[in-house]
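The values are calculated or read from the model by the stated rules, or taken from the named source; none is laboratory data. This one's a predicted model, so the numbers in the text were calculated from it and none came from an experiment. Every residue, glycine as well, gets a Cβ built from its backbone with ideal geometry; the counts of neighbours run over all protein chains shown.
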């Protein structure tokens, strides 16, 4: 019977401790460091960078645009349906989804292809499909086939700079 009140006390104290840690100057306490779900954490990171930069042009800042992109990333990762066709040189990935997911696919896959090619040296092409986009990647066949479509989409350390450019109101794909 003592366990239930103890658990209730711990659960009730957690929000108070979290608020105290959040409101502390400099966030130097030993409390949680993660800002939350990944899109929220990415937004928090970018906002902190923008606030620390005295050159930030606040009239151009587009956090809503960055948020849309992060939603696209989430939709692509969670809801896209990928059909993989192995090729001796690599693979062809046909990526499809419901209408909102298809928007994310069309926004992200063609835009990522040149970054993937530059990072790996592989031959990378996209092809518009009536109901999706195909990503065709030839190069190190074993690695391409092992990584699959989602592994292809995360290659390259351009994502962070891309997010900062979006937030600053720049056109990162042009």
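Of the residues 21, 48, 13, which single one is modelled with pLDDT under 50, in a helix (DSSP H, G or I) and exposed (fewer than 13 other Cβ atoms within 10 Å of the Cβ)? Spell out how you get there, then give the answer.
Values: 21 fails: exposed (fewer than 13 other Cβ atoms within 10 Å of the Cβ); 48 fails: modelled with pLDDT under 50.
When all the criteria are applied, what remains is 13.
Looking at residue 160, is it surrounded by fewer than 18 Cβ atoms within 10 Å (Cβ to Cβ) and modelled with pLDDT of 95 or more? Show your work before the answer.
Details: surrounded by fewer than 18 Cβ atoms within 10 Å (Cβ to Cβ): yes; modelled with pLDDT of 95 or more: no.
So residue 160 does not fit the description; no.
Suppose we keep only residues that are part of a strand (DSSP E or B) and in contact (Cβ under 8 Å) with a residue 12 or more places away in the chain within region 103-127. Which one would you say is farthest from residue 72 (Cα to Cα)?
Start the filter on region 103-127 by keeping residues that are part of a strand (DSSP E or B), which leaves 123-127.
Those still in the list that are in contact (Cβ under 8 Å) with a residue 12 or more places away in the chain too: 123-126.
Working: 123: 25, 124: 21, 125: 20, 126: 18 Å.
Looking at residues that are part of a strand (DSSP E or B) and in contact (Cβ under 8 Å) with a residue 12 or more places away in the chain, I get 123.
What are the pairs with Cβ atoms under 6 angstrom where one residue, in region 84-102, is within 12 Å of residue 137 (Cβ to Cβ) and the other, located anywhere, is in a loop (DSSP other than H, G, I, E, B)? Sequence gap at least six, or different chains.
Filtered contacts from region 84-102: 90/139.
Quickly run through region 88-107 and pick out the residues that are under 16 Å from residue 148 (Cα atoms) and either surrounded by 18 or more Cβ atoms within 10 Å (Cβ to Cβ) or in contact with a strand residue (DSSP E or B) (Cβ under 7 Å, 6 or more places away or on another chain) (or both).
If the condition is that a residue be under 16 Å from residue 148 (Cα atoms) and either surrounded by 18 or more Cβ atoms within 10 Å (Cβ to Cβ) or in contact with a strand residue (DSSP E or B) (Cβ under 7 Å, 6 or more places away or on another chain) (or both), then 89, 90, 91, 92, 93, 94, 95, 96, 105 are the ones that fit.
For region 47-59, state whether one or more residues are within 22 Å of the chain's Cα centre (by Cα) and closer than 24 Å to residue 150 by Cα.
Residues of region 47-59 that are within 22 Å of the chain's Cα centre (by Cα), as a first pass: 47-51.
Subsequent filtering for residues that are closer than 24 Å to residue 150 by Cα retains none.
No; the residues of region 47-59 include none that is within 22 Å of the chain's Cα centre (by Cα) and closer than 24 Å to residue 150 by Cα.
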